[in-house]
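> Let me begin by handing over the structure; questions about it come next.
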Amino acid sequence: MNTETLVDVWRRLLADPGKSWVLFEHGTCVVLTAPEGDLAEQATGLLREFGPVHVGSPAADFGVIHLEDGAGWVVTGHHQDVLTYVGPDEPQGRDDLFVGMCGRAKRHRDGTELRAVHVEDRRG
């Protein structure tokens, strides 16, 4: 999925005009509830800590939020402000296990590669 499409998805999902966020290459979004300084740097620090998956720990847990109209899913993890988008054509299956595993794998890649591709600065 290209960056432009992902930015459009997150803009629709994060409609709160006061929330700044940073998008990473594979679809993980870090919402910054207390944005300060360099937002990409702040988000990268959070994702470095809360992105990588460690099996048998809370970092391996996930939840799945079904989006309306079959628009895909948001996969949550062990930090409430680290969210990963999974498009409707991505997982091998449509049940929560397949979707969650797909999103968790994407979050892990983002949490280890740490390539921010978009910053939405809404500090006003």
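> For each of S20, S57, count neighbouring Cβ atoms within 10 Å of the residue's Cβ, then give the residues from fewest to most. Spell out each step's value before the answer.
Numbers: S20 22, S57 9.
Fewest-to-most ranking of S20, S57: S57, S20.
> A follow-up question, please. In debye, nearest 20, what is the charge dipole magnitude of the chain about its Cα centre with +1 on Lys and Arg Cβ and -1 on Asp and Glu Cβ, if you could check?
Working: 12 positive and 20 negative charges, 25 e Å.
Its charge dipole is roughly 120 debye.
> If neighbour count is taken as other Cβ atoms inside 10 Å, put T76, T5 in order from fewest to most.
With the fewest neighbours first, T76, T5 line up as T5, T76.
> Testing the spin-label approximation: label points 7 Å from Cα along Cα→Cβ at E4 and E41. State their distance in nm.
That separation, rounded to one decimal, is 3.1 nm.
> Right, something else. Rounded to the nearest 0.05, what FRET efficiency is calculated for E68 and F98 with R0 set to 22 Å and r the Cβ-Cβ distance? Don't skip to the end; give the middle numbers.
Numbers: r = 20 Å, r/R0 = 0.89.
After rounding, the FRET efficiency stands at 0.65.
> Something else now. Using label points projected 7 Å from each Cα along Cα→Cβ, tell me how many nm separate D16 and A105, to one decimal.
Here the answer is 3.1 nm between the modelled labels.
> Here's something else I'd like to know. Over segment 1-40, what number does the Rg to Rh ratio reach, with both radii from the alpha-carbon atoms and Rh per Kirkwood? Write down the numbers at each step before the final one.
Working: Rg = 10.3 Å, Rh = 10.7 Å.
Rg divided by Rh gives 0.96.
> OK, next. Quick check: net charge around P35, other residues with Cβ under 12 Å of its Cβ, Lys/Arg +1 and Asp/Glu -1?
On the way: positive: K19, R122, R123; negative: E36, D38, E41, D81, E120, D121.
That works out to -3.
> Let me ask you something else. Can you put M101, M1 in order of Cβ neighbours within 10 angstrom, beginning with the fewest? It would help to have the intermediate numbers written out before the result.
On the way: M101 18, M1 15.
Ordered from fewest to most neighbouring Cβ atoms within 10 Å, M101, M1 come out as M1, M101.
> Quick one: compute a quarter of the convex hull surface over the Cα atoms of the chain and quote it in nm².
Numbers: hull surface 28.5 nm².
Hull-based average projected area comes out at 7.1 nm².
Read the figures in this text as sums done on the coordinates, not as results from a lab. All figures in this text were calculated on a predicted structure; none of them were measured in a lab. Glycine gets a Cβ as well: all are built from the backbone with ideal geometry, and neighbour counts include every protein chain shown.
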